Amino acid sequence: MSRMPRREFLGLSALAAGGALLTTRVAFAYPSERRRRFVLVIMRGALDGLAAVPPCGDADYAGLRREFALAAPGGGAHAALPLDGFFGLHPSLGFLQQSYAAGELVVFHALASPYRERSHFDGQDVLENGTPQPHALQSGWLNRALAQAPGRSREAGVALGQNVPLVMRGPAEVASWSPSRLAALDEDTYARITDLYAGDPLLSRRLADAMAADAMAGGDADSRAAGDDPMGASGGNPGGGAGRYAEIVQAAAGFLRQEQGPKVAVFDTSGWDTHANEGGAEGQLAGRLRQLDAGLAILRQQLQSAWSDTAVLLVTEFGRTAAINGTRGTDHGTATVALLVGGAVAGGRVVADWPGLSARTLYQGRDLAPTLDLRSVIKGLLAEQLEVPARALATEVFPDSAGVKPLAGLLRA
């Protein structure tokens, strides 16, 4: 009997329940023969864009951020990392700064979705459903983009985590994968399950598909066993245990680098809701940014040569207030940053029509004002990376958005 490799991710109880394991189909396809990869990372909780990418050159920045204001690049051990001379990068984001220097990072600032209220639930719904209104659709813009991309057959994308997020729900078939907390199966147990399912075509297929997907997701098991895990070495992470976050990132790379694997992956992080004790160069937010940065470094390392064809977009539902609040944190705001990193990215630049942080320019007197529509960024990426037609972007992917023009030139030719 031929046996496929087993990984600790296999959920025995899920299989016994008749296919509740998230990954049930692995006959992946991809949008085009150019083999470009796209990764979407949703940062749930509202990232403080003024902390992640501080506008050190704005005369009003330091007064609003008080003791949490970062010194301009070159201003000491805890100063911001250099970007373009006006903006800096939080000192926890060393990998992203290296990516910027290598021409593989674009920073978008003063950016927002069409949402203008301050509810996490509604803001995330708008971020994912692709319309200006929360709960307007039960499908997501990325799934609809996959449905419109040329050359699609079966699953072109994979969602990694406990649930398939709204952005990946819709008419296109997608796969999903979640790490298991159960122990690895021994050879005898695996053989017994294989024999048990052999007489049932559906269960047998589910088992084979799960094992194939698990093998794709496995990543570099030897490096994990040896403790080569920068996420685990540096403490907690935005979405749970550091090791589990690293596991998801490694699984994403495992799927994407396969010759016949999916070319689109989605996962999220949480814990960005920094109402109190946010910190500056060090502290709560700094630790979360450090974990995010380390995860992206893992993704680049694990993708190997596929990194050169990859674009990773990091987005959040809205920003945070310009000023520090009474509990030494920031409250729900409006505009923020988005980050685009990868070997396929035409980077080394900041894209921002900067509105300023003076009292007269703040949105509703409290927030960074939005001057760039997030949909313009996403449309540009989908057009260049997944070859989604312009008409479909304006009608199917982002309904009634003809007035929102795609940003061009985000990727290398």
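Values in this text are rule-based calculations from the coordinates and carry no lab data. The shown structure was predicted, so the numbers you read here are calculated from the model rather than taken from an experiment. All Cβ positions, glycine included, derive from the backbone under ideal geometry; neighbour counts span all protein chains shown.
Listing for the model above:
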quantity	calculated
Distance from the range 358-395 to the range 101-130 (C-alpha centre basis), Å	8 Å
Distance between modelled label sites at N163 and S358, nm, 7 Å Cα→Cβ extension	4.5 nm
Gained length - H135 relative to F121, 0.36 nm times residue gap less alpha-carbon distance	4.1 nm
Residue exposure sequence - E128, E67 - by fewest surrounding Cβ within 10 Å	E67, E128
Linear extension gain, F86 paired with H275, 0.36 nm per residue minus alpha-carbon span	65.4 nm
Footprinting exposure proxy for D84, D331, D293 (fewest neighbouring C-beta atoms within 10 Å first)	D84, D331, D293
Ranked R144, R36, R412, criterion: other C-beta atoms within 10 Å, fewest first	R412, R36, R144
Karplus (6.51, -1.76, 1.60) ³J(HN,Hα), θ = phi - 60°, over the range 100-110, in Hz, Gly and Pro reported as x	4, 4, 8, x, 10, 9, 10, 9, 10, 10, 6
Extension gain, R35 back to A346 (0.36 nm per residue minus Cα-Cα distance, nm)	110.2 nm
Where labels lie 7 Å past Cα in the beta-carbon direction, separation of H78 and A102 in nm	2.9 nm
